[in-house]
Amino acid sequence: GIRGLQNYLATKLDGVVLPTTLPVNATLVIDGDGWVFQLLETSHDFRPELGGCYNSLEESIAAEVTRLRSCGLNLLVLFDGPDQKMKSDTRAARATDHEEQWAKFYDFCEENVKRTDNDTFPLPPLSQKQLYATLKKLGVACKSCSGEADQEIAKAVQFGNKDLAVGEETHFAYGRDSDYFAMKDCPYIAFGGIALVENEALFTSPQRMRVTPTKASLLRQKPTHQAVARVWRRIEICEALGVSENTFLNWVVLIGNDYTGHFDRHCDFNIAVPSELRGHRPDVLEELLAVAAVAAEEGVVVGAASLTAIPAADLAATTTVDSVDNPEIVVGISAPALGESSVRCREHHRKVQLAVDYSLAVYQLQALDHFPLDSGLIQDEADEDDRVHASNRFFDFSIYDTPWVGEDGEVEEGYFATLPHYAASQAGS
């Protein structure tokens, strides 16, 4: 996500973005890959240091699904697919962290090293499979995307809220990723941010929610609670901060996300950032916002720095050892000038601009088809059957309004047709 933005906004806009009641029959479009981590936090007996107790995880999943359904919420869970773009550096960093987690796990198991509160052990290997299997057992709609689910979740939310005014939405992204703050037309609720409130005056003749409901029973069940949550919308965040949406987009790219975070904000972008603005402390983010605002007022859209002469020291920090063998790299202006200034690496410039363009396309819900896939992807250690089944679960917006063929070969209704508010609107039209 966007480095430090979650904590900054939670503090800066405390008392501004207030909890609100979600409408009955609202739909949560959930980030499945992130949800498992939040569910593990509520699973007190999961015991990751022993390889994981999956019965405990299943109980946590069932309890949370039942809790959310008790206030009439519909659930659609989307998972990441194999096609990854613009995340090679982020993935490499996470792989390093993963190795460190396994090293600590080995020390705990084999070397009798005492575990500390700060130790994080690796996610037990079947956690995601347990989540998917339990959700299917509970009748929760689950789909896999071809690539990352983040933008697909935002698009599904935007699609579900078409023609609805701000504050009247019925679809919400539910996750733990600060990128959703920057997504266009995507009201966002953070994991753990939904509280349930009893309201007997509103809900008459409440029924106990079935743990494994049929499609028909889902339509008949009445909610027993109201859902209250803090809903974040990009347009309202900008209004509260007193900036334009263009300023906000410039700002989040400069802060750094999974695509731009490994670049140097002081020399890689076309917006001048003072050298002292390093890191992601709240005061640094505050100063960066002012810098982004000035640029937006001047009509500058964040991008890669121009191919102009820069100090050799800065150039050295952005090139690699084997760069001299790359014909795309111009190593200097002239022999006398070499050592004082050099021309920026064209390949590095291209990578920066590509990362910026991709970030803006993700946040503006624009097409991503023309961006290249990451090279050297590490495939999941799944058998061929798993990959075939995954390919059949790739997310397709046609499930909303048109019938589709399920895994058992039977023709099923589109997803929207299974929701009470949709069925009612079609009956009345």
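The values are calculated or read from the model by the stated rules, or taken from the named source; none is laboratory data. Everything quoted here is computed from the prediction, not taken from an experiment. As a convention, Cβ positions derive from the backbone with ideal geometry for all residues, glycine included, and neighbour counts pool all protein chains shown. Accessible surface areas use protein heavy atoms only, side chains included; no ligands, DNA or RNA. Shrake-Rupley method; radii C 1.70, N 1.55, O 1.52, S 1.80 Å.
Worth pointing out:
- Hits in region 82-121 (condition: within 30 Å of Leu354 (Cβ to Cβ) and of a type in the set (Ser, Thr, Tyr)): Ser88, Thr90, Thr96
- Looking at Phe181, Phe172, Phe191, Phe203, just one residue is modelled with pLDDT under 95 and of a type in the set (Phe, Trp, Tyr), and that residue is Phe203.
Residues are listed down the side, and each one gets a yes or a no for (1) under 18 Å from the mean Cα position of the chain (by Cα); (2) of a type outside the set (Lys, Arg); (3) open to solvent by 20 Å² or more (accessible area, probe 1.4 Å):
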| position | (1), (2), (3) |
| --- | --- |
| Leu50 | no, yes, yes |
| Glu64 | no, yes, yes |
| Cys71 | no, yes, no |
| Gly81 | yes, yes, no |
| Gln84 | yes, yes, yes |
| Ser88 | yes, yes, yes |
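- Here region 98-143 is the region considered, the condition is being within 20 Å of Trp35 (Cβ to Cβ) and among the charged types (D, E, K, R), and the residue that is least open to solvent (accessible area, probe 1.4 Å) is Lys143.
- Total residues in region 295-318, condition in contact with a helix residue (DSSP H, G or I) (Cβ under 6 Å, 6 or more places away or on another chain) and either of a type in the set (Lys, Arg) or at pLDDT 90 or above (or both): 5
Residues are listed down the side, and each one gets a yes or a no for (1) within 30 Å of Phe172 (Cβ to Cβ); (2) open to solvent by less than 20 Å² (accessible area, probe 1.4 Å); (3) touching a residue at least 12 places away in the same chain (Cβ under 8 Å); (4) of a type outside the set (A, V, I, L, M, F, W, C):
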| residue | (1), (2), (3), (4) |
| --- | --- |
| Thr224 | yes, no, yes, yes |
| Arg234 | yes, yes, yes, yes |
| Ala240 | yes, no, yes, no |
| Glu245 | yes, no, no, yes |
| Asn257 | yes, yes, yes, yes |
| His262 | no, no, yes, yes |
| Val273 | no, yes, yes, no |
| Val294 | no, no, no, no |
